[in-house]
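Engineer: Here you go, one structure.
The values are calculated or read from the model by the stated rules, or taken from the named source; none is laboratory data. Everything numeric here is computed off the predicted structure, so don't read it as measured data. Reconstructed Cβ throughout: ideal geometry from the backbone, glycine too, with neighbour counts over all protein chains shown. The accessibility values were calculated without ligands, DNA or RNA, using every heavy atom of the protein model including side chains. Shrake-Rupley method; radii C 1.70, N 1.55, O 1.52, S 1.80 Å.
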Amino acid sequence: MLDRITADTRSAKQRLTALDSTGLTAYSLLGVATPILAEQLLGLGGRITPTANVAISNVPGPRKTLYYNGARLQQLGAITVLYGGQALDIVAMSYTDTVQFTLSACDTRLPDVERLTEHCRQALERLEDAICATAWPFDDQ
């Protein structure tokens, strides 16, 4: 299943790279904003079933450290909005050499989002431990 998701994602990204900036903007508006706008304009708030109740995205952030008035920006995270029928939105956003995960949840559909956050934290710790336990080829030198 993971192989199919990877292949489909690569295929979609290849098609998107063929679009110019106008086409990419139009595609984004049609795919993402249209259902939200239609719901709001027609007064159907929460009555339209979304295509998915969980959205997951990654946002490449700046690779260089940002400053404001001489102060270093320490963290950069996403701000997300749930629309009718969505239960959860997960965004992974990079900044310099870090990744920040933002989980936005509907309190009636996912009242225990803190549990999900803790499970994610534990899984990331296990992943980090597994990576650190791997012998790097240049460690023996």
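Engineer: Within the stretch 58-80, which residues are open to solvent by 80 Å² or more (accessible area, probe 1.4 Å) and within 17 Å of Leu103 (Cβ to Cβ)?
Structural biologist: Asn58, Gln75, Ile79
Engineer: Okay, next question. Report, by residue number, each residue of the stretch 62-115 that is part of a loop (DSSP other than H, G, I, E, B), in contact with a Gly (Cβ under 6 Å, 6 or more places away or on another chain) and farther than 30 Å from Leu41 by Cα.
Structural biologist: Scanning the stretch 62-115 gives a single hit, Leu76.
Engineer: Considering only residues that are modelled with pLDDT under 75 and open to solvent by less than 100 Å² (accessible area, probe 1.4 Å), which ones fall in the stretch 40-52?
Structural biologist: Result: Leu44, Gly45, Gly46, Ile48, Pro50.
Engineer: Still on this structure: Can you tell me which of (1) open to solvent by less than 50 Å² (accessible area, probe 1.4 Å); (2) modelled with pLDDT under 90; (3) within 25 Å of Ile5 (Cα to Cα); (4) not in a strand (DSSP E or B) is the one Ala55 doesn't meet?
Structural biologist: (4)
Engineer: Going through Thr34, Thr108, Thr98 one at a time, which residue ends up being modelled with pLDDT of 75 or more and open to solvent by less than 80 Å² (accessible area, probe 1.4 Å)?
Structural biologist: Thr98
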